[in-house]
Amino acid sequence: MIALKTIFAQIEYSMSEKDFIPAPYTTLKEEGSVTYSSPSNIALVKYWGKRENQIPANPSISFTLAACVTKTCVHYKKKAQHSDEFSFDLLFEGEAKEEFKPKINTFLKRIVAYLPFLKDYHFIINTSNSFPHSSGIASSASGMSALALCFMEMEKTFLPNITTNDFNRKVSFLSRLGSGSACRSIEGPLVQWGETSSIKGSSNLYGIKYPYEVHEIFNNFHDTILLVDKGEKQVSSTVGHELMHGHPFATQRFDQAHTNLEKLGKVLADGNLIDFISIVESEALTLHAMMMTSNPYFILMKPNTLSIINEIWKFREESNTHVCFTLDAGANVHVLYPENEKDVVFPFIKEKLVPFCQNGQYICDRIGLGAKKL
Ligand code: PMV
């Protein structure tokens with residue numbers, strides 16, 4: 001009996017790629033437009049390393065952000081004649097951006113099997129970010145998820161009976177094919193992606209809203225993003241993921257991510273910020289340690305990244321607060337702290353940390369609830 005129950009639970013929760021191929025459409029709308037705003041996210045347990053088709057080498061979990069968003073409007077018009085090419089214009093902040101087109105073309109190729117109408121339309125894709133252009137904030141998570149949301153909303157007009165759960169799951173699945181971490185941007189406040197035994201329903205194909213209890217200390221958690229270096233990254237995430245193949249510490253790292261996720265589950269439930277800090281900071285430094293120990297090796301942190309980390313450690317000790325940091329694949333620092341400590345922590349950030357930012361730039365963000373249809 002127990003064995004049967006387990007099998008049914010597995011059937012219920014493990015979807016395959018084929019499940020995302022839609023039923024044939026009966027009607028296709030001639031023309032229309034749809035707009036979505038979709039946020040960025042910051043991983044607490046990091047995804048670094050992947051297999052073919054954007055399958056993560058290890059599970060990850062992130063806070064969805066609220067302020068750093070991409071807004072995308074897709075205008076669609078049925079082509080007079082079907083052609084085998086994708087047809088679209090791309091505008092970034094109102095201006096044509098030819099250099100972004102190959103990335104979108106690759107994305108369309110990867111998702112057309114799951115959205116077969118894509119070759120029947122000409123699209124005008126108009127997109128903009130709330131955060132400063134070339135701030136070093138990765139726009140791929142918010143950008144790819146915003147576009148996937150617009151296309152799914154289109155499909156919903158052809159197949160209106162889709163449930164919210166199925167809609168979100170398919171958007172996450174499609175977003176993942178644009179940029180892995182984008183699959184964690186649809187919902188909030190916490191999204192988990194990648195199969196792991198400690199989280200029921202976890203999948204390599206899409207992110208899920210974290211399904212367990214979360215302590216109220218994490219409500220309104222702050223993330224002040226310090227823009228340390230706005231330059232082009234010397235090594236892209238794509239290359240970084242690639243370098244985890246044959247990495248001398250890959251196996252240990254992937255195992256560690258499973259363990260950290262399990263430990264974080266306990267912390268999220270009981271609100272123990274001391275343990276939260278030790279997992280989150282270790283994850284950030286491990287991510288960068290993987291970069292420093294790959295072949296070829298590289299360093300994305302800058303001297304000011306380290307100065308900020310040292311200031312945070314010093315202040316935490318002196319102030320008895322629970323401010324901590326995490327890092328993306330870049331030099332910028334995400335400073336995390338609970339709402340009830342903001343009156344002490346924010347003045348410290350302004351006085352001691354902002355001087356390390358390029359042109360004094362930073363973004364006040366906080367934990368968010370996911371994408372919105374506009
Ligand atoms: O989604 P990608 O391929 O840009 O990879 C992002 C990886 C990290 O941001 C470094 C970690 C993560 O889990 O978001």
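The values are calculated or read from the model by the stated rules, or taken from the named source; none is laboratory data. These figures come from a predicted structure and were not determined experimentally. No Cβ is skipped: glycine too gets one built from the backbone with ideal geometry, and neighbour counts run over all protein chains shown. For the accessible areas, the whole protein counts, side chains as well, though only heavy atoms, and no ligand, DNA or RNA atoms are used. Shrake-Rupley method; radii C 1.70, N 1.55, O 1.52, S 1.80 Å.
Normalising by the residue count of the chain, find the relative contact order in percent from Cα pairs under 8 Å and 6+ residues apart.
Value for the chain: 23 percent.
For the stretch 110-175, which whole-number percentage of the solvent-accessible area (1.4 Å probe, protein heavy atoms only) is attributable to carbon and sulfur atoms?
It is 50 percent, rounded to a whole number.
Rank-order 171-184, 197-210 by packing density, defined as the average count of other C-beta atoms within 10 Å over each peptide's residues, highest first.
171-184, 197-210
Just name one of Q192, I312, F254: the one whose Cα is farthest towards the positive end of the charge dipole of the stretch 181-314 (beta-carbon charges, Lys/Arg +1, Asp/Glu -1).
Sorting the options by dipole projection puts first F254.
What GluC sites (Glu not before Pro) does the stretch 56-161 have in DSSP loop regions with at most 14 other beta carbons within 10 Å?
Here the sparse-neighbourhood loop sites are E85, E93.
Taking all protein chains as present, what is the carbon and sulfur share of the accessible area of the stretch 221-372, in % to the nearest whole number, probe 1.4 Å?
Ligands and nucleic acids excluded, carbon and sulfur give 54 percent.
If one takes the longest principal axis of the Cα atoms in the chain, at what angle in degrees, from 0 to 90 and to the nearest 10, does the Cα axis of helix 140-158 lie?
Tilt of helix 140-158: around 30 degrees.
Can you pull out the chymotrypsin sites (Phe, Trp or Tyr not before Pro) in the stretch 273-358 whose DSSP state is coil and whose Cβ has at most 12 other Cβ atoms within 10 Å?
Here the sparse-neighbourhood loop sites are Y297.
Over the stretch 221-372, what is the relative contact order in whole percent, taking alpha-carbon pairs under 8 Å and six or more residues apart?
This gives 44 percent for the stretch 221-372.
Which residue, V354, A329, N340, has the largest displacement toward the positive end of the dipole of the stretch 306-374 when charges sit on each Cβ (Lys, Arg +1; Asp, Glu -1)?
Toward the positive end, the furthest listed residue is A329.
When Rg is the radius of gyration of the Cα atoms in the chain and Rh is its Kirkwood radius, what does Rg/Rh come to?
Here the Rg-to-Rh quotient is 0.97.
Could you state the angle between the C-alpha long axis of helix 250-270 and the longest principal axis of the C-alpha atoms of the chain, as a value from 0 to 90 degrees rounded to the nearest 10?
Tilt relative to the chain: about 80 degrees.
For the stretch 221-372, what is the accessible area per residue in Å² when the probe is 1.4 Å?
Heavy-atom accessible area per residue stands at 47 Å².
Quick check: Cα centre of the stretch 49-124 to Cα centre of the stretch 135-166, how many Å?
So the two Cα centres are separated by 9 Å.
Please determine, in degrees from 0 to 90 and to the nearest 10, the orientation of helix 101-111 with respect to the longest principal axis defined by the Cα atoms of the chain, where the helix direction is its Cα long axis.
Here the helix axis deviates by roughly 70 degrees.
Hey, can you find the accessible area per residue of the stretch 64-193 for me, probe 1.4 Å, expressed in square angstrom?
That works out to 39 Å² per residue.
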